[in-house]
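The values are calculated or read from the model by the stated rules, or taken from the named source; none is laboratory data. What you see is a predicted model; the values in this text were computed from it and never measured. Cβ coordinates were reconstructed from backbone atoms using ideal geometry, including for glycine residues, and neighbour counts include every protein chain displayed.
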Amino acid sequence: MNTQVKQCSCVKESDREKYDRIEKVIEEYRDREGSLIQILHIAQGIYGYLPMELQQFIAQKLDVPLSKVYGVVTFYSFFSTKPRGENTIRVCLGTACYVRGGKKIVDKLRELLGIDVGDTTQDRKFTLEVMRCIGACGLAPAMTINDKVYKQVNPDKLQDIVEKYY
């Protein structure tokens, strides 16, 4: 199935309602070969992230060891065990971007957002991450916010860029 699941922002669901939806997904995918990643992907879309309690629930419903679920969640960088922001900022720290000031971009974003790499702002507006290469080496340093690429970024441009997402 090639359906992207987005977290519903129209109506606030209780945790119980989210778990009920996830249980239905588990039932639908249970007998499919290699379904764990798909179930985790959809569960993260519904819940927003994969806390330990949710991993335990999935393991129990699939009748698989928690270690198997946890191993998959922690192996793939797509999965998160902590709440994520509405917008994900990823700063490229590949060689070209690093040499041309990528670290300064990270430092300035840490200051502007008041968080460290891997963390999410208290208002859940932003999550800050680093990545190794986004393929914009000729226009380094670069970063992305969600799917939009920002090239030739410098610390002085960051305030204006971030404000577009509020």
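Just to be sure before I move on: is Val117 more than 30 Å from Gln56 (Cβ to Cβ) and touching a strand residue (DSSP E or B) at 6+ places or on another chain (Cβ under 7 Å) in the structure I sent?
Judged against the criteria, Val117 is not a match.
Hey, can you tell me all the residues within the range 24-44 that are surrounded by 17 or more Cβ atoms within 10 Å (Cβ to Cβ) and among the small types (Gly, Ala, Ser)?
The answer is Ala43, and nothing else.
Please go through the range 7-38 and give me each residue that is in a helix (DSSP H, G or I) and under 16 Å from the mean Cα position of the chain (by Cα), ordered by number.
Residues satisfying the conditions are Ile37, Gln38.
What tally of residues in the range 39-97 results from selecting those that are over 26 Å from Glu28 (Cα atoms) and more than 14 Å from the chain's Cα centre (by Cα)?
6
I'm checking my understanding of the structure. Among residues of the range 72-94 that are of a type in the set (Val, Ile, Thr) and in contact (Cβ under 8 Å) with a residue 40 or more places away in the chain, which one is surrounded by the fewest Cβ atoms within 10 Å (Cβ to Cβ)?
Filtering the range 72-94 for residues that are of a type in the set (Val, Ile, Thr) and in contact (Cβ under 8 Å) with a residue 40 or more places away in the chain, the one surrounded by the fewest Cβ atoms within 10 Å (Cβ to Cβ) comes out as Thr88.
Pull up the range 144-159, narrow it to residues that are touching a Leu at 6+ places or on another chain (Cβ under 8 Å) and either modelled with pLDDT under 95 or closer than 12 Å to Gly101 by Cβ (or both), then point me to the one that is surrounded by the most Cβ atoms within 10 Å (Cβ to Cβ).
Leu158
What are the residues in the range 59-116 that are of a type in the set (D, E, K, R), outside the structural domain of Ala140 (by TED's automatic domain parsing) and assigned to a helix (DSSP H, G or I), if any?
Lys61, Lys68, listed by residue number.
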